[in-house]
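One structure below.
The values are calculated or read from the model by the stated rules, or taken from the named source; none is laboratory data. This one's a predicted model, so the numbers in the text were calculated from it and none came from an experiment. Methodologically, a virtual Cβ is constructed for each residue, glycine included, from the backbone with ideal geometry; neighbour enumeration extends over all protein chains shown. With ligands, DNA and RNA removed, areas are computed over all heavy atoms of the protein, side chains included. Shrake-Rupley method; radii C 1.70, N 1.55, O 1.52, S 1.80 Å.
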Amino acid sequence: MQTTTLTVDGMHCQGCVQIVQNVIEQQAGVKGCSVSLANKQARIAHDADQVSPEALAKAVQDAGYTAAPA
């Protein structure tokens with residue numbers, strides 16, 4: 001199990017937070033996720049053998065936000 005923190009830009013409301021959280025939680029190997037609008041971060045517990053931090057960031061980017069491992 002690995003914990004990854006992504007810096008996420010482009011979230012403006014709780015609806016954005018929910019979209020980012022849903023996108024992350026749909027990725028294979030993700031066990032849990034919390035997203036903070038105030039901190040502009042997503043903290044993700046995941047199986048590193050199934051999904052990389054870069055793949056998680058790409059999934060968020062594909063949803064229309066800017067994301068990168070912190």
Within the stretch 46-54, identify whether any single residue is touching a Phe, Trp or Tyr at 6+ places or on another chain (Cβ under 7 Å) and either acidic (Asp, Glu) or modelled with pLDDT of 95 or more (or both), and answer yes or no. no
What pairs come up if the first residue lies in the stretch 2-29 and is closer than 13 Å to Gln61 by Cβ and acidic (Asp, Glu), the second is open to solvent by 30 Å² or more (accessible area, probe 1.4 Å) and in a strand (DSSP E or B), and their beta carbons are under 6 Å apart, counting only those six or more places apart or on different chains? Asp9/Thr66
How many residues are within 10 Å of the chain's Cα centre (by Cα) and in contact (Cβ under 8 Å) with a residue 12 or more places away in the chain if we restrict to the stretch 55-64? 5
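State whether one or more residues within the stretch 35-43 are under 11 Å from the mean Cα position of the chain (by Cα), over 11 Å from Val8 (Cβ atoms) and open to solvent by 50 Å² or more (accessible area, probe 1.4 Å). Talk me through it step by step, then tell me what you get.
As a first pass, look at the stretch 35-43 and keep what is under 11 Å from the mean Cα position of the chain (by Cα): 35-36, 40-43.
Filter once more, keeping what is over 11 Å from Val8 (Cβ atoms): none.
No - not one qualifying residue is present in the stretch 35-43.
Against the definition (charged (D, E, K, R) and surrounded by 17 or more Cβ atoms within 10 Å (Cβ to Cβ)), how does Lys58 come out, yes or no? First the steps, then the outcome.
Numbers: charged (D, E, K, R): yes; surrounded by 17 or more Cβ atoms within 10 Å (Cβ to Cβ): no.
So Lys58 fails the test.
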I'd like to check something: does the stretch 25-33 contain any residue that is surrounded by 13 or more Cβ atoms within 10 Å (Cβ to Cβ), β-branched (Val, Ile, Thr) and in contact with a helix residue (DSSP H, G or I) (Cβ under 7 Å, 6 or more places away or on another chain)? yes
